[in-house]
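Colleague: Sharing a structure, written as structure tokens. Questions coming.
The values are calculated or read from the model by the stated rules, or taken from the named source; none is laboratory data. Only a predicted model underlies this, so the values are computations on that prediction, with no experimental measurement involved. In this analysis, Cβ positions are derived from the backbone assuming ideal geometry, glycine residues included, and neighbour counts consider all displayed protein chains. Remember, those area values only see protein heavy atoms, side chains included, never the ligands or the DNA or RNA. Shrake-Rupley method; radii C 1.70, N 1.55, O 1.52, S 1.80 Å.
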Amino acid sequence: MRKSSWSFFCKMVLRPITDLASNEKNILVSCDDSGKIWVWDYIDSRLQQTVSFEGYNGFSCNCLAFYKKYVLAGYGSGHLRVFDINSKLLISEISGHSKWVTAIDVAPDTGRILSTSEDSFVRIWQMNEQNDTFKVSHEFSQNIANHMLFGGVFLDKSGNSFCVSGYDSLELHYFSQ
């Protein structure tokens, strides 16, 4: 068995971290229990903070996802927010759920967003960029009765199939188009 060499370092932050997301461009995003989002560049084996986005009315940011130059975040308020890393702006806010958003995923080929929540709903959204306009529209909702949903993921790059799970549940719920 070949041994590999791993280096270790620690980066201190001010609040407890609640999720991490990364993309193929050496960018790491973290969020914390105050709702603040931090964008980091990974350069020469070090993390360097480049951008931060303020929290949302004291609600925790629970989950993150990447799509192109956008960071998507789910909050304890039930909101989903979309930030543009390049312009450093909040470009969309969705009142998508009545309870905590617990998972977000993005289909990279289509820009579909999957969100799950403690409100027992899985929702599918569609991001659209046209000229200088950015829109998010609702495509699908399904209530999974008596399940606080805590996991959700697309199973293909187009977002034509996905799976969700509930807290303390033995069931996987599979959906396809």
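Colleague: Being within 21 Å of Phe150 (Cα to Cα), among the small types (Gly, Ala, Ser) and either modelled with pLDDT of 75 or more or open to solvent by less than 100 Å² (accessible area, probe 1.4 Å) (or both) is true for just one of Ser4, Ser22. Which residue is that?
Modeller: The conditions single out Ser22.
Colleague: Scan the range 47-67 and tell me whether some residue there is open to solvent by 90 Å² or more (accessible area, probe 1.4 Å), more than 29 Å from Arg112 (Cβ to Cβ) and either modelled with pLDDT of 95 or more or not in a loop (DSSP other than H, G, I, E, B) (or both).
Modeller: Checked against the condition, which is being open to solvent by 90 Å² or more (accessible area, probe 1.4 Å), more than 29 Å from Arg112 (Cβ to Cβ) and either modelled with pLDDT of 95 or more or not in a loop (DSSP other than H, G, I, E, B) (or both), the range 47-67 yields at least one hit.
Colleague: Something else now. Taking the range 4-37 only, how many residues are among the aliphatic types (A, V, I, L, M) and under 20 Å from Lys69 (Cβ atoms)?
Modeller: So the count comes out to 6.
Colleague: Can you tell me which residue among Val122, Val153, Val136 is hydrophobic (A, V, I, L, M, F, W, C) and open to solvent by less than 20 Å² (accessible area, probe 1.4 Å)?
Modeller: Exactly one of Val122, Val153, Val136 is hydrophobic (A, V, I, L, M, F, W, C) and open to solvent by less than 20 Å² (accessible area, probe 1.4 Å), namely Val122.
Colleague: Give the number of residues within the range 34-46 that are open to solvent by 50 Å² or more (accessible area, probe 1.4 Å) and within 17 Å of Ile104 (Cα to Cα).
Modeller: 0
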